Amino acid sequence: MTNYFRSNIDFLPPYTPSEQIEPNTKIIKLNSNENPYPPSPQVTEALRNFDVELLRRYPNAFAREFRQAASQALGVPVDWIIAGNGSDELLSVVMRACAEPGRKVAYPVPTYLLYRTLTQMQAAESVEIPYSEDYRLPVEELIAANGSVTFIASPNSPSGHVVPIEDLRKLATHLSGILAIDEAYVDFAEENALDLTQEFDNVISLRTLSKGYSLAGLRLGFAIANPKLLSTLYKVKDSYNVDAIACALGAAAMNDQAYKNACIAKIKASRKKLAIELKELGFRVWDSQTNFLLVQPRKGNAEELSQRLKEHKILVRYFKQPRLDDKLRITVGNDEQNRILVETLFSLVK
């Protein structure tokens, strides 16, 4: 067969997302860090009243309605916000604008595997710098790498830790390229890096409605940065990358911060309770500021345990890669889901 593709794409390992299930399947799904609670009632109302006439037309190219709602919710000017088809698209937009052969992309590991995939797609050089065992950010090594883009997930997946603001500030001060702070899980954290986007013109904060707002199926994300930085990103984004339904429903979600915050509070309480119960079962549990927990079974048999949980119709995430192959990442479910998980684990590890 004729080879139609660039050589780096031919040999590119595909990014593998977590296992998905068919609707109404009776499985407890704790492998994708989805919110266990439904979206805001305002989202339901917006969908019910959506004007289908809008589907005949192209949507606003800049997701104006959503950006206005996000601006009001976060207290930042509208022109400091860019919307995307999930924050993953915006990660790709940053890469298309900045990365190419001969340029570096740096990030600490273990972290979100998509950074590596996006780097390889651009045929740029990946500089992967290991986190310490206690997940202290390798600041000096990242500064020395001086990537055209430096990705920092904070909170990080799969560890769940938050990078101290002072470490991020030091990076932003010394890097000549863009510092992209992936804050997908920021709604569950105690602090955020939003102020750094005002302080530095090379910092961009990327966020999503998938986690905190229970809208993973909608595919809507956004980023905050200096308008001068965003003006270049607009050159490489798709023309109509956010559809009319996503724009309307995303605006409704952003306008109901009280509902989102109430769900976040429930998840944080469940996270604390689940961590205690897993420790009582002999698991090592890392502190988390996300909606998941990184845990290590007492026997180190994480892969086997993930398969046995699947046999009991419970999905958790297992990563077959260095430093993670003896651990599991478990999404915090609702209290009933967490109860069944703990009871099942008790029967498997006793």
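The values are calculated or read from the model by the stated rules, or taken from the named source; none is laboratory data. From a predicted model like this one, the values you see are computed outputs, not experimental measurements. Neighbour counts are summed over all protein chains in view; Cβ atoms, including those assigned to glycine, are modelled from backbone coordinates with ideal geometry. Only protein heavy atoms, including side chains, enter the accessible area calculation; ligands, DNA and RNA are left aside. Shrake-Rupley method; radii C 1.70, N 1.55, O 1.52, S 1.80 Å.
Worth a mention:
- Mean separation of Cα pairs under 8 Å and 6 or more residues apart, divided by the residue count, gives the stretch 41-256 a relative contact order of 29 percent.
- Sparse packing (at most 12 other Cβ atoms within 10 Å of the Cβ) combined with a DSSP loop state is found for the following GluC sites (Glu not before Pro) in the stretch 112-176: GLU133.
- Measuring between their Cα centroids, the stretch 176-252 and the stretch 302-350 lie 31 Å from each other.
- Contour minus Cα-Cα distance for ARG323 and TYR234 (0.36 nm per residue): 28.3 nm
- Candidates PRO155, PRO138, PRO322, ranked by Gaussian network fluctuation over the chain, Cα under 10 Å, top entry: PRO322
- Residues with amide H under 5 Å from that of ASN192, placed H, sequence gap 5 or more: none
- In order through the stretch 299-309: 3J(HN,Hα) via Karplus (6.51 cos²θ - 1.76 cosθ + 1.60), integer Hz, x for Gly, Pro: 8, x, 9, 5, 5, 4, 5, 5, 5, 5, 5
- Among GLU34, GLU183, GLU22, residue whose mean-square fluctuation peaks in a GNM of the chain (springs only between Cα atoms under 10 Å): GLU22
- Under 10 Å, Cβ to Cβ, from LEU274 - net charge with Lys/Arg +1 and Asp/Glu -1: +3
- Surrounding net charge for GLY177, when Lys and Arg each add one and Asp and Glu each subtract one, Cβ distance under 14 Å: -1
- For the stretch 5-104: rounded, prolate or oblate by the Cα gyration tensor [a/c cutoff 1.5]: oblate
- Percent carbon-and-sulfur accessible area, the chain, ignoring ligands, DNA and RNA, probe 1.4 Å: 51
- Our coupling estimate for the stretch 185-198, obtained by passing each phi through the Karplus curve with A = 6.51, B = -1.76, C = 1.60 and θ = phi - 60°, is 9, 5, 5, 9, 9, 8, 8, 9, 9, 4, 4, 5, 5, 7 Hz, Gly and Pro reported as x.
- In summary, the convex hull built on the alpha carbon positions of the chain has an orientation-averaged projected area of 19.0 nm².
- Net length gained if the chain between ASN334 and ALA262 were fully extended (0.36 nm per residue, minus Cα distance): 24.6 nm
- Between the stretch 71-91 and the stretch 103-146, the Cα center-to-center distance that results, in Å: 24
- If the chain linking ARG48 and LEU12 were pulled fully straight, counting 0.36 nm for each residue of separation and taking away their Cα-Cα distance, it would gain 8.8 nm.
- Charge sum, other residues only, whose C-beta stays under 11 Å from PRO110's C-beta, Lys/Arg counted +1 and Asp/Glu -1: +2
- Choice from ALA251, ALA63, ALA97 showing the highest fluctuation, given a GNM over the chain with Cα pairs closer than 10 Å: ALA97
- Helical runs assigned H by DSSP (4 residues or longer) give the chain a calculated mean residue ellipticity at 222 nm of -11500 deg cm²/dmol, each run adding -39500 (n - 2.57) before division by the residue total.
- Counting only DSSP beta bridges whose two residues both lie in the stretch 41-256, roughly 35 percent are antiparallel.
- Placing a label point 7 Å from the Cα of GLN68 along the Cα-to-Cβ direction, the residues of the stretch 230-257 whose backbone N falls under 18 Å from that point are 242-257.
- Residues in the stretch 41-256 average 41 Å² of solvent-accessible surface per residue, probe 1.4 Å, ligands and nucleic acids excluded.
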